[in-house]
1. Scanning for something assigned to a helix (DSSP H, G or I), of a type outside the set (D, E, K, R) and closer than 20 Å to S205 by Cα, does the range 91-113 turn up at least one residue?
2. Just to be sure, is P18 in contact with a strand residue (DSSP E or B) (Cβ under 6 Å, 6 or more places away or on another chain) and buried (at least 21 other Cβ atoms within 10 Å of the Cβ)?
3. Looking at I152, I181, which one is within 19 Å of the chain's Cα centre (by Cα), in a helix (DSSP H, G or I) and buried (at least 23 other Cβ atoms within 10 Å of the Cβ)?
4. Given the criteria assigned to a helix (DSSP H, G or I) and within 16 Å of the ligand (Cβ to nearest atom), does P119 qualify?
5. Out of T98, T123, T116, which single residue is within 29 Å of G64 (Cβ to Cβ), at pLDDT 95 or above and of a type outside the set (G, A, S)?
6. So which residues in the range 317-333 are part of a loop (DSSP other than H, G, I, E, B) and either within 16 Å of the ligand (Cβ to nearest atom) or within 23 Å of L6 (Cβ to Cβ) (or both), if there are any at all?
7. Being in a loop (DSSP other than H, G, I, E, B), more than 30 Å from A8 (Cα to Cα) and either under 20 Å from the mean Cα position of the chain (by Cα) or of a type outside the set (K, R) (or both): is that true of D159 here?
Amino acid sequence: MTKTILRALAGETLPTPPIWMMRQAGRYLPEYRATRAQAGDFLSLCYTPDLAAEVTLQPIRRYGFDAAILFADILLLPQALGPKLWFAEGEGPRMETTTTMEQVRALKPKGAIHDTLAPVYETVRILARELPSETTLIGFAGAPWTVATYMIAGRGSKDQGAAHALKNTDRATFAALIDIITEATVDYLSEQIKAGAEVVKLFDSWAGSLKGDDFTDFALKPAARIIAALKARHPGVPIIAFPREAGNGYIGFAKATGADCVAIDNSVTPEWAAANVQKDGCVQGNLAPEHMVTGGEALVQATRHVVSAFRGGPHIFNLGHGITPDANPDNVALMIETVRAGGSRP
Ligand code: CP3
């Protein structure tokens, strides 16, 4: 029997949506914190295949999610292109900045990324062997715009101001950077697929700050290029696109990019997404992650609401964004139980 995630991605409407969760391996789980302590720091965890595979498997063992997502980070690819990356404890990622044409030209050629990223491919190979036969293995990368925002600013920012400034003042440098990331992303995801990833997902976490033509040029077009190249190399491998907070930009995104599924954040209602996005195919989402902190009857009601709004078409249940470190693991169990009870109380 084909795996449920793959059936939904092929466009099948299932009686119970398959489920996984963004950041399902993460700090809300005591077993994750223990393995991370063993690794020493976050990047060592990402680059130690046995430990990265272990934390990927932890939420599968605990909850029986229908998909496992490779444990890695979207910033490993830009790191493989040359700039130094480090995680300041409690502060998030820091990266050597890339803001001039000289620096863009000094990035490594895309063929050179695999030395750095080889441990990631090894993690995928371990997972392909060790996952239960019903669990789908999802690989991923950041989308070019989101990756560029970190490369340009050297860190996360609320408004992606530095990346917008470069885009608006030095278009040639900005476009050259987007191009390099786009090409490297194709090779990176292609290697994940060769190693055993059955689905890949493109995370464009900051797509919502691109408006009008910028959204078309720097969210939609790079995604379309990556998807076309991957479909040519690996026909039949489904691709999930997540242009987070795209709003009306979600409409037609699957058709325009060739994505098999669009992941939806929780700033739009599931009814809106069902009417405007699910009409074109599979959607993933979109319970607010806050429910994993607050739990209770509100969590049950909101979970039922999402299941019922998407019941008429292909749907993969997920949160609208990653689960946060302050979430209660028991609330995750309650969400899964509610989804699997057909959205009603078991
Ligand atoms: O979803 C998963 O469980 C798979 C692994 C995964 C991680 N990051 C692990 C991680 C995935 C798919 C990502 C994607 C990612 N990384 C995105 C896109 C998705 C999103 O959340 O919008 C972005 C923007 C990043 C960059 C990044 N990595 C930031 C900004 C941070 C710091 C913020 C934070 O949550 O601490 C990270 C660190 C990170 N990536 C952690 C995890 C589990 C926490 C690190 C730790 O253990 O201390």
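The values are calculated or read from the model by the stated rules, or taken from the named source; none is laboratory data. Please read all numbers here as calculations on a predicted model, not as lab measurements. For neighbour counting, all protein chains shown are included, and Cβ atoms are generated from backbone atoms with ideal geometry for every residue, glycine included.
1. No, that holds for no residue.
2. Yes, satisfied.
3. Sole residue among the options that is within 19 Å of the chain's Cα centre (by Cα), in a helix (DSSP H, G or I) and buried (at least 23 other Cβ atoms within 10 Å of the Cβ): I181.
4. So P119 fits the description; yes.
5. Result: T123 is the single residue among T98, T123, T116 that is within 29 Å of G64 (Cβ to Cβ), at pLDDT 95 or above and of a type outside the set (G, A, S).
6. G320, H321, G322, I323, T324, P325, D326, A327, listed by residue number.
7. Taking the combined requirement at face value, the residue satisfies it.
This table checks each residue for (1) within 15 Å of the chain's Cα centre (by Cα); (2) over 26 Å from T2 (Cα atoms); (3) assigned to a strand (DSSP E or B).
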| position | (1), (2), (3) |
| --- | --- |
| S190 | no, no, no |
| K221 | no, yes, no |
| A224 | no, yes, no |
| I240 | yes, no, yes |
| S267 | no, yes, no |
| G285 | yes, no, yes |
